[in-house]
Amino acid sequence: MITQSCKDSLDMISVNDFRGLERIPAVMNELGCEVGDEHGQGPVVSKQRRIVVANQLPIRGYRNEGTKGWFFEFDKDSLVLQLKDGFPANTEVWYVGMLKVDVEKEDQEEVAQLMFHKFRCVPVFLTVDQKNKYYHGFCKHYLWPLFHYMLPLSPSHGGVRFDKSLWEGYIVANQLFANKVAEILWPDKDSVWVHDYHLMVLPSILRNRYTRVKLGFFLHSPFPSSEIYRTIPVREQILRSLLNCDLIGFHTFDYARHFLSCCSRLLGIDYQCKRGYIGLDYCGKTINIKILPVGIHMGQLESDLNMEQTATLAKQLKEKFEGKVVMVGVDDLDMFKGISLKFSAMGRLLEMHPELIGSVVLVQIANPARSRGKDVQEVRFETSVIAQQINNKYGKEGYEPIVFINDPLSALEKAAYYAISECCVVNAVRDGMNLVSYKYTVCRQGSPVLDKALGINESDQRKSFLIVSEFIGCSPSLSGAYRVNPWDVNAVADAMYVGIHMKDEEKHLRHEKHYNYISSHDVAFWARSFDQDLDRACKEHHLKRYYNVGFGLNFRAAAVGKNFRMLTVETIVAAYNNTNSRLILLDYDGTMKPKSAVDKTPRNEVISILNCLCSDPKNIVFIVSGRGRDPLSKWFFPCEKLGISAEHGYFTRWTRDSQWETCSVAMDCDWKKTVEPVMEVYTATTDGSFIEHKETALVWHYQDADPDFGGCQAKELLDHLESVLANEPVVVKRGRQIVEVKPQGVSKGVVVEDLISSMRSKGKSPDFLFCIGDDRSDEDMFETVARLVDNPSLPPIAEVFACTVGHKPSKAKYYLDDTPDVIELLQGLATASVGPRVTHTLEEDI
């Protein structure tokens, strides 16, 4: 049987060409399972399902060496497990990812069955070589440093340089993840949530297989600025893959802003804000952008705080550090956590304030590194050396300024350290989110069991003090924290001093502010918000038809309305041959000539096609353009019978030798004296911009300017001109990389009305109408055509073809892909008019 996505693609070709598909009794989904009962009501799924795809499954496991048996359990500290609390009740959650332990090949099938039936997990098994290339190679030693702003300038600093074999390994691994998702996916029902930079090409692979799947992606690392990201040789493939999602999530606006800037600079896609949501218009769809930092699992942490073991540990630690102010840090042992800088700041604090020696302690807990390599060894050596130097210099019997804990600690042990610490220092030089400060704040709130052990009364004020790096994702959400530049050791030392001496009342106020936010924005809130936004982003899936464009990782699924069709030569020629009074309206730039062309002069072959169309007495052919009449007259001088409507219809002539007519709008261009100086200011301050002077309009172009700065300047110019021209009979419009000022009442829509009215007044009411264009100004033309067709009081037009160029939302009912398709279609019409085929080379024309 045929798949739904294939059926959609076939339906795109024309309305009538594949009527047989309507008789298909049921549609097969891409897994080969029949979708829909005999009434076409869709699959019967008893529960809502979410498929969470991450690099690692939320599973702990080990092998009993004696029995050789495997033991597995859920990892309650895993974020991908905790987020299920945000899904609706009775939601069935499935997980796809790698196990944290290596499983021998002969055991993989048995383990996979156990994972499937007991945990609803589908493990992805990679060979040692595949894992080395995918995870240890491309992910951890190329993408991860680069996303944290470290360029691979040399082999010894900044990770590895781009290696095609590692990139290919990354793709292979993502394909294996996609295969596992396919084993459990109901494409029309399930939501798929992909996590983090390990799986950034997975969206393209899934979308290629299942065009209507609900697909979300959340990046847990920073997204670097465009200057950094653009160094990636496969930058566009990664961007296009992410844009195959319905919703893309980031922890902070900075990360989202960098992603949007890359989309603008590399793909020419601009974003819009609508009613509080950020969206990118891409291939007929709106790709939604979500900005929300992840939270912690409040219930789990509060449960840990209520355990007697935690209380006992906290009491022992309080006694151990009696009489000392304890500052705590908990970080992974990697190059971006700034542990050595934190130690240096501690040394500087004791150097500047020797009276604190013996009374303040920094406890640094190092989590195991998540990757392996020379960089991890260097960090471990450097931090140990600095800690030892400071302890030797300022320590004494019974006192070490820095307590460096390199052994792994349990969650209960960390909670005990948090609970007895007056200050928490999170000093990372770059980190995607970092939840240490959240956990510290909740632990300082205490619990009945913990309070009793520490001798804290219920009425006592809770207090905490946070020092956080301004380069980590949690910083914007902690408005009461003391933000520091981790590279400024003196500033960090000063922040430590402030935290030691701050009054309890102020610490309490800061703590309350943080605790209220953290407790209300927990992991369940984060997951629920993302899930709801994903559902909202996909609500129009069933209203659209999808078809595939591009190959490999440049693939994208273009979405169009169900009545939107590709205009084929055969369809329009059939209607063309059966009509006797035809009106053909052609836009020029972007339609008959590529926007990117430097030389805008039409090729001789295009002139030949136009002359063939104009020579047919049944045809009236017009170029309808926003350009001025002088360049259009010069370019199309060889076309004697061609009509031209210039400057969006302000000037019109029916043939080369006829007089120019002007529209009914009075021509008063005194407003130009106001507009031109304003535009000149913006031109002088925006490198790459220029002003186009027309007889009735002024246009400010910024296509050659910096995309971000040009867009910002265009918005300012638009606001500026609207304010100074409020009482003038003009309109200010922002188009594609332009800001235009033109008289009111002038548009391509008015051109259509005037031409049809004139034909009817001469007794030649059109029975065939073809209009085509590519930009916003042409939408006025399509809208007018639709209105005239639907007006029962006007004579009907038998055959109407409103066609846009490119895949985008449009008021037209037909589309063509690009300029070569337009030329080919016009060639078909010309052939129908004169008989012999008009020969020309499309490549030369373009």
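The values are calculated or read from the model by the stated rules, or taken from the named source; none is laboratory data. This is a predicted model, so every value here is computed, not measured. Cβ: placed from backbone, ideal geometry, glycine included. Neighbour counts: every protein chain shown. Just the protein is used for accessible areas: all its heavy atoms, side chains included, with ligands, DNA and RNA removed. Shrake-Rupley method; radii C 1.70, N 1.55, O 1.52, S 1.80 Å.
Listed values, structure above:
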read-out	value
Segment T231-A89, extension gain: residue separation times 0.36 nm, minus the distance between their alpha carbons	46.7 nm
Residue-level accessible surface for D77, protein heavy atoms, 1.4 Å, Å²	70 Å²
Per-residue SASA entry for M352, accessible area with 1.4 Å probe, Å² rounded to 10	80 Å²
Point-to-point label distance, R656-M759, nm (Cα→Cβ direction, 7 Å offset)	2.3 nm
Counted charge near H141, where neighbours are those whose Cβ lies closer than 14 Å (Asp, Glu -1; Lys, Arg +1)	+3
Cα-derived Rg to Rh of region 252-313, Kirkwood definition	1.36
Accessible carbon and sulfur surface of region 57-183 relative to its total accessible area, %, 1.4 Å	52 percent
Debye-sum result for region 122-185 in log10 I(q)/I(0), which assumes one identical scatterer on each alpha carbon, at q = 0.25 Å⁻¹	-0.97
Accessible area (Å², 1.4 Å probe, nearest 10) - D616	20 Å²
Summed side-chain charge close to R787 - residues other than R787 whose Cβ falls under 13 Å, Lys, Arg +1, Asp, Glu -1	-4
Of every Cα-Cα pair in region 71-200, the percent that sits beyond 17 Å	65 percent
Residues whose placed amide H lies under 5 Å from that of M98, excluding near-sequence neighbours	Q56, L57, V124
Per residue, the convex hull volume that the Cα atoms of region 214-259 enclose (Å³)	66 Å³
Solvent-accessible surface ranking, highest first, for Y134, Y277 at 1.4 angstrom	Y277, Y134
P(r), alpha carbons of region 670-743 - 10 Å bins starting at zero, rounded %	21, 60, 18, 1
Segment K595-K539, extension gain: residue separation times 0.36 nm, minus the distance between their alpha carbons	16.8 nm
Histogram of C-alpha separations across region 353-470, 5 Å bin width, %	2, 9, 16, 19, 21, 17, 10, 5, 2, 0, 0
Inverse mean reciprocal Cα-Cα distance (Kirkwood Rh) of region 151-245, Å	14.5 Å
Region 259-333: trypsin sites (Lys or Arg not before Pro) in DSSP coil with no more than 11 other Cβ atoms inside 10 Å	R275
Accessible surface, 1.4 Å probe, highest first, among residues C423, C712, C273	C273, C712, C423
Heavy-atom surface of the chain, accessible at 1.4 Å and reported per residue (Å²)	44 Å²
Other-chain or far-sequence residues with amide H under 5 Å of F801's (modelled H)	L769, F770, C771
Region 486-557: translational diffusion in µm²/s, Stokes-Einstein, Kirkwood Rh over Cα pairs, 20 °C, 1.002 mPa s	121 µm²/s
Region 513-523 - phi-based ³J(HN,Hα) in whole Hz, Karplus 6.51/-1.76/1.60, Gly and Pro as x	4, 5, 4, 4, 5, 5, 6, 8, 10, 7, 5
Largest to smallest accessible area among Y515, Y210 [probe 1.4 Å]	Y515, Y210
Loop sites in region 518-585: trypsin sites (Lys or Arg not before Pro), DSSP, at most 16 other Cβ within 10 Å	K539, K562
Cα-based Rg / Dmax (Å) for region 46-291	18.6, 62
Residues R736 and V172, FRET efficiency given R0 of 30 Å [Cβ-Cβ distance, rounded to 0.05]	0.15
In Å, descending, principal axis extents of the Cα set of the chain	107, 67, 53
Under Karplus coefficients 6.51, -1.76 and 1.60, residue-wise ³J(HN,Hα) of region 716-722 in Hz, glycine/proline x	5, 5, 4, 4, 4, 5, 4
Over region 616-694, volume per residue of the alpha carbon convex hull, in Å³	111 Å³
Additional length obtainable on full extension of the chain from H136 to K274, 0.36 nm per residue less Cα span	45.6 nm
Compactness of region 424-534 as Cα Rg over 2.2 N^0.38 Å, two decimals	1.16
Over region 298-521, relative contact order from alpha-carbon pairs under 8 Å, at least 6 apart, %	27 percent
The chain: calculated mean residue ellipticity at 222 nm from DSSP helix runs of at least 4, using -39500 (n - 2.57)	-11500 deg cm²/dmol
All-pairs alpha carbon distance profile, region 265-416, 10 Å steps from 0, percent	9, 27, 24, 18, 13, 8, 1, 0
Partners for K285 among lysines (Cα-Cα distance below 18 Å; same-chain residues under 8 apart left out)	K214, K274, K539, K544, K562, K808, K811, K813
FRET efficiency for E308 and I456, using Cβ-Cβ distance with R0 set to 25 Å, rounded to 0.05	0.95
Region 210-227 versus region 594-639: alpha-carbon centroid distance in Å	44 Å
Largest-first principal axis extents of the Cα set of region 298-521 (Å)	45, 38, 31
Proximal lysines relative to K762, as straight alpha-carbon distance under 18 Å, when same-chain residues fewer than 8 apart are discounted	K618, K641
Euclidean distance of C-alpha centroids, region 431-473 and region 286-320, integer Å	9 Å
